[in-house]
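To keep things clear, I will list the structure first and then write my remarks on it.
The values are calculated or read from the model by the stated rules, or taken from the named source; none is laboratory data. In this text, all values refer to a predicted model and were calculated from it rather than measured experimentally. Ideal geometry is used to build each Cβ from the backbone, glycine not excepted, and the neighbour counts take in all protein chains shown.
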Amino acid sequence: MTGKRSKTNPRHANGNLRRKYRARLKAQGGPCGICGGRLGPIHYDEPSDAAHPLSFVVDDIRPISRFREFGYESREAAAQDWGNLQAAHYCCNAAKSNHTIGEMRRGSRCFPAASDGDW
Ligand SMILES: [Zn+2]
């Protein structure tokens, strides 16, 4: 359950936790939670930037910027919810932006087709 109050700087604590979660997702080495592996495995060893579209990023399943909509009491609560995190490709995460996967499918906006193109 959330609701834990901490005297430490929440931003700092959040950063540490996010790093830990990132390491855990990387260790699990699972497929991209957004495309479900349609674009191939995540390239965990590559730097996470636009030059490496299949590189690894931590995706917030329910966008943190919209935490209220999803019942979180704060941005931190959403950011620290392990159940709200999944591994994803850099490019899939960028296409998803602050939408949910359901919204992406409904709107089909800018979700890349599963072709290894130059996007
Ligand atoms: Zn993907």
**OP:** Only residues that are farther than 19 Å from TYR21 by Cβ and more than 15 Å from the chain's Cα centre (by Cα): list them for segment 51-72, please.
**Re:** ALA51, HIS52, ARG68, GLU69, GLY71
Subject >> Filter result (surrounded by 13 or more Cβ atoms within 10 Å (Cβ to Cβ) and in contact (Cβ under 8 Å) with a residue 24 or more places away in the chain) within segment 25-42 >> reply: LEU25, LYS26, GLY30, PRO31, CYS32, GLY33, ILE34, CYS35, ARG38, LEU39, GLY40, ILE42
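May I ask you to list the residues in segment 63-82 that are under 18 Å from ASN93 (Cβ atoms) and either buried (at least 18 other Cβ atoms within 10 Å of the Cβ) or touching a residue at least 40 places away in the same chain (Cβ under 8 Å) (or both)?
PRO63, ILE64, PHE67, ALA78, ALA79, ASP81, TRP82
Kindly evaluate ALA23 against the criterion of being within 14 Å of the chain's Cα centre (by Cα), at pLDDT 95 or above and part of a helix (DSSP H, G or I).
Here the answer is yes, as ALA23 does meet what is asked.
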Subject >> Filter result for GLU76 (assigned to a helix (DSSP H, G or I), away from the ligand (no atom under 12 Å from the Cβ) and modelled with pLDDT under 95) >> reply: yes
Original post:
Any chance segment 55-62 includes a residue that's in a strand (DSSP E or B), surrounded by 15 or more Cβ atoms within 10 Å (Cβ to Cβ) and in contact (Cβ under 8 Å) with a residue 40 or more places away in the chain?
Top reply: yes
**OP:** Within segment 91-100, identify whether any single residue is surrounded by fewer than 16 Cβ atoms within 10 Å (Cβ to Cβ) and farther than 24 Å from GLY15 by Cβ, and answer yes or no.
**Re:** no
